[in-house]
Amino acid sequence: MRIKFQQNLDDLKEKLLTMAGLAEQAIQRSIEAYRTRDLTICELVFKAEPAINRLEREIDQMALDLLAMEQPMAVDLRFILSVIRINADLERVGDQAVNIAIRVKEMGAFANIDLPVDIPKLASLASAMVRKALQAFIEGDAELAQSVLQLDDQVDEMNDAAFYSLSSLIKERPELTPQSLNALIISRNLERVGDHATNIAEDVIFWVRGADVRHNSVGV
């Protein structure tokens, strides 16, 4: 019985990692679309969204079935609860990718100009946070998860800098408002990706250590 339960936990973890792969790919594609202004890549992001949403429902159902049938205790209970929360955050990472792709499509109607914001750099940092948080989940490594929390400040700082520089550009050159506003929203979307990575890392810490550090990530 225990072996079957462990197999079910492994299957749940495997399915969540499939979901993670799709969410990461969606972010990478949306940023590639921004970088190249290739709108066909935006379509790939839109087409992948139903698969992410379907997987989210399947993972939730698997997790809830396990909770109902097995009534797990301690670390197994925390693992399943963490999977449910991580699942929701991964779905939202997919949503952010769709939001970015929508903005890139809107920018396609205007001239491609140099803007005072390094979107690919911000995307790289936010994606690294997601990857590191997921690595911590795969390895059950609370220390690695802890290191993700420190990166969130860098993403926030870059997003703040983007806000100030793009707001200034809108004041100085109103004709560039559409491009600037879209870039500003993309920057905000990427900050949200960093927030979701932070949530995932906090859920890993909750699973491994039994400590709930959400909204209280200092000094854990």
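Taking all protein chains together and a 1.4 Å probe, the residues TYR164, TYR34 rank TYR164, TYR34 from largest to smallest accessible area.
I'd like to check one number: the per residue accessible area of region 63-139, probe 1.4 Å, reported in Å² as a whole number. Before the final figure, lay out the partial values.
Details: 3440 Å² over 77 residues.
Spelled out: the 1.4 Å probe surface of region 63-139, per residue, equals 45 Å².
Length gained on full extension, ILE3 to GLU43: 10.1 nm, using 0.36 nm per residue less the C-alpha separation. Rounded to 0.05, the FRET efficiency of the MET73 and SER124 pair, given R0 = 45 Å and the Cβ-Cβ distance, is 0.65. A cut-off under 15 angstrom between Cβ atoms defines the neighbours of GLU43, and their net charge, with Lys, Arg +1 and Asp, Glu -1, is +1. Suppose only helical runs count, i.e. DSSP H with n ≥ 4. What mean residue ellipticity at 222 nm does that imply for the chain under -39500 (n - 2.57) per run, divided by all residues and rounded to the nearest 500 deg cm²/dmol? Rounded to the nearest 500, the figure is -30500 deg cm²/dmol. If Lys and Arg each add +1 and Asp and Glu each add -1, what is the summed charge of the other residues whose beta carbon sits under 13 Å from the beta carbon of GLU139? Residues close to GLU139 contribute a combined charge of +1. How much of the accessible area of region 1-209, probe 1.4 Å, is carbon plus sulfur, in whole percent? After summing per-atom areas, the C and S share lands at 54 percent.
Seen against the Cα atoms of the chain and their longest principal axis, helix 142-172 is set at about 20 degrees. Cut-off 19 Å, label point 7 angstrom out along Cα-to-Cβ of LEU181: give me the residues of region 85-122 whose amide nitrogen falls inside. Counting only backbone N, you get 99-117.
Computing FRET efficiency as 1/(1 + (r/R0)^6) for THR36 and LEU81, where r is the C-beta to C-beta distance and R0 is 41 Å, gives about 0.55.
The lysine pair count for the chain, using Cα distances under 17 Å and pairs eight or more places apart or on different chains, is 5.
A simple spin-label model places pseudo-atoms 7 Å from Cα toward Cβ; at ASP212 and SER147 they are separated by 2.8 nm.
The values are calculated or read from the model by the stated rules, or taken from the named source; none is laboratory data. Just so it is clear, the structure is predicted and the values come from calculations on it, not from any experiment. Reconstructed Cβ throughout: ideal geometry from the backbone, glycine too, with neighbour counts over all protein chains shown. Protein only, heavy atoms only, side chains kept; ligands, DNA and RNA dropped before computing areas. Shrake-Rupley method; radii C 1.70, N 1.55, O 1.52, S 1.80 Å.
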